[in-house]
1. Regarding the stretch 347-365, can at least one residue be identified that is on the phi < 0 side of the Ramachandran plot, among the hydroxyl-bearing types (Ser, Thr, Tyr) and modelled with pLDDT of 70 or more?
2. Exactly one of these conditions fails for residue 80: (1) surrounded by 17 or more Cβ atoms within 10 Å (Cβ to Cβ); (2) more than 21 Å from residue 177 (Cβ to Cβ); (3) under 19 Å from the mean Cα position of the chain (by Cα). Give me its number.
3. Conditions: (1) without any contact (Cβ under 8 Å) to a residue 40 or more places away in the chain; (2) in contact with an Asp or Glu (Cβ under 8 Å, 6 or more places away or on another chain). Residue 140 meets all but one. Number of the miss?
4. Please determine, by comparing only the residues of the stretch 164-198 that are among the hydroxyl-bearing types (Ser, Thr, Tyr) and at pLDDT 90 or above, which one is surrounded by the fewest Cβ atoms within 10 Å (Cβ to Cβ).
5. Considering only residues of the stretch 265-308 that are part of a loop (DSSP other than H, G, I, E, B) and basic (Lys, Arg), which is farthest from the chain's Cα centre (by Cα)?
6. Name the single residue that is nearest to residue 440 (Cα to Cα) among those in the stretch 357-392 being touching a Ser or Thr at 6+ places or on another chain (Cβ under 7 Å) and surrounded by 15 or more Cβ atoms within 10 Å (Cβ to Cβ).
7. Give the residues of the stretch 401-444 that are surrounded by fewer than 18 Cβ atoms within 10 Å (Cβ to Cβ), aliphatic (A, V, I, L, M) and modelled with pLDDT of 65 or more, sorted by residue number.
8. Inside the stretch 45-75, can you point out the residues that are within 18 Å of residue 181 (Cα to Cα), in a helix (DSSP H, G or I) and of a type outside the set (Val, Ile, Thr)?
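The values are calculated or read from the model by the stated rules, or taken from the named source; none is laboratory data. Note that the structure is predicted; figures quoted are calculated from it, not measured. Backbone-built Cβ (ideal geometry, glycine too); neighbour counts: all protein chains shown.
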Amino acid sequence: MTGRSRGKRGVILTNEGWHKLNNAQQIQESKENSVKPYTIENLSEITRLDPTTISKVLHREVGVDKRTLDRFFRGFGLELNPSDYAKLDVVNNKVEKPRDNQRNNYFCDEAPDVSIFYGRSEELNILKQWVVDDGCRLITLIGIGGIGKTTLSAKITKNLSQYFECSIWFSLRNAPPLLEIITNLLQVLSNGEETDLGQNITLIINKLIGYLKNRRCLLIMDNVDAIFSEGNYAGNYLEGYEGYGEFFQKVGETNHQCCLLITSREKPKEIAAIEGKELPVRSLQISGLGISEIKEIFKAKGIVDTRDSDLQELINNYGGNPLYLKVIATTILDLFDGNVDDFLAQGTRVFGDICNLINRQFQHLSQLEKSVLYWLAINRDAVAITELKNDLLLPKFEHRNSNESTLELKSINQFSLLEILDSLHRRSLIEKTRDDIHNSSKFSLQPVV
């Protein structure tokens with residue numbers, strides 16, 4: 001009782017404070033060229049706060065004292081202002097946190113603002129069909145970093161909120177343990193009645209599934225790739241996070257009323273095994289934006305005098321990636337006074353922040369995946385598997401170290417090239433096209449990669 005009362009008397013971050021802290025964290029990660037976002041443990045080292053307190057601050061479900069928030073902010077060189085926090089309101093013994101949307105069944109404070117949203121009508125229609133009409137239980141939005149997965153998921157969540165009793169958004173950006181996520185879910189779905197849950201993750205998942213059978217809820221897990229390990233094939237979890245795989249599989253295979261929507265740069269292997277076009281588990285590959293949407297992005301940045309041919313060249317160069325093109329628009333405005341032609345004349349595609357974004361994803365790859373990307377880059381045009389295998393087994397450059405070549409040869413003999421290509425495809429780093437003349441599949445890099 002004492003701990004619970006203290007939680008209700010504390011303060012939590014406002015939306016303004018949460019976004020302020022989140023932005024500072026991302027800037028710090030970028031400066032360190034960190035491949036993965038900070039985990040709860042990393043944040044604990046930076047702020048000198050214990051992991052439990054870190055979780056309370058980030059999830060804003062339980063109040064903490066003002067000094068805790070001040071200490072967290074100072075860890076990132078920020079000053080805590082009155083607008084960054086608010087007291088908890090206690091109503092009928094329930095903890096309610098300030099929300100933009102005051103409906104009791106909408107718990108999506110961490111979702112991005114989508115009041116300005118460009119295009120994606122086809123994707124929105126597909127997702128509405130899958131969720132509302134087809135009753136899909138698990139949907140994965142897959143795409144390279146910056147392509148707009150999080151924004152799309154936030155938009156569809158708002159659009160479909162009337163079809164659900166509650167919508168609950170979780171960000172996995174800081175790699176929270178599964179037990180923490182499910183505990184929060186159960187507390188919301190049980191109106192705070194589920195408290196003594198134990199540590200057996202399988203039993204807790206089963207308990208949650210029981211609630212999902214009786215409640216119509218939309219659950220969103222954003223940035224799922226944060227719980228995947230580096231240096232392995234796509235979809236392999238960090239040590240201690242394997243329970244997420246069991247959770248995804250259970251949600252996908254068990255009949256219930258809810259829909260779990262996840263976003264990720266790479267597809268969890270459990271989902272790849274149980275998904276299908278006519279099954280209740282499906283994936284949607286998110287592609288780039290078109291000319292009309294990019295024109296709106298440039299207009300919002302202050303670039304209004306653009307030709308469709310120039311915008312199409314930018315789309316071809318950057319795969320229509322909205323984040324990359326926002327960075328490019330800023331560069332065009334700052335260095336070329338908004339003249340797209342002058343920028344294109346430089347012939348430089350990858351630089352600065354774009355290079356950092358690509359490098360962070362590249363560092364996740366296994367050595368064999370990097371080797372395959374290397375040869376795909378050399379070939380430029382799409383190549384068949386047989387051509388790619390010849391490239392890998394017969395190095396073309398004499399200056400390459402012979403030991404490296406031998407190691408690569410042994411590795412390709414030991415591991416299937418198909419497995420490597422499948423992993424790269426699940427990471428959205430390569431594209432597959434069909435060669436109808438030779439009746440075969442060909443592979444190439446994503447434009448920016």
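1. Keep residues of the stretch 347-365 that are on the phi < 0 side of the Ramachandran plot, which gives 348-351, 353-365.
Filter again for among the hydroxyl-bearing types (Ser, Thr, Tyr), leaving 348.
Still in the running and modelled with pLDDT of 70 or more: 348.
Yes, the stretch 347-365 contains at least one residue that is on the phi < 0 side of the Ramachandran plot, among the hydroxyl-bearing types (Ser, Thr, Tyr) and modelled with pLDDT of 70 or more.
2. Evaluating residue 80 over (1) surrounded by 17 or more Cβ atoms within 10 Å (Cβ to Cβ); (2) more than 21 Å from residue 177 (Cβ to Cβ); (3) under 19 Å from the mean Cα position of the chain (by Cα) leaves (3) as the failure.
3. (1)
4. Of all residues in the stretch 164-198, those among the hydroxyl-bearing types (Ser, Thr, Tyr) come to 167, 171, 183, 190, 195.
Filter once more, so that each one left must be at pLDDT 90 or above: 167, 171.
Numbers: 167: 24, 171: 20.
Here the residue is 171.
5. Of the stretch 265-308, the ones part of a loop (DSSP other than H, G, I, E, B) are 265-268, 275-280, 286-290, 302-307.
Next, only the ones that are basic (Lys, Arg) stay: 265, 267, 277, 307.
Working: 265: 6, 267: 11, 277: 22, 307: 32 Å.
Going through the qualifying residues, I end up with 307.
6. Taking the candidates together, the pick is 382.
7. 417, 418, 437, listed by residue number.
8. Start the filter on the stretch 45-75 by keeping residues that are within 18 Å of residue 181 (Cα to Cα), which leaves 50-63.
Still in the list and also in a helix (DSSP H, G or I): 51-59.
Across the stretch 45-75, the qualifying residues are 51, 55, 56, 58, 59.
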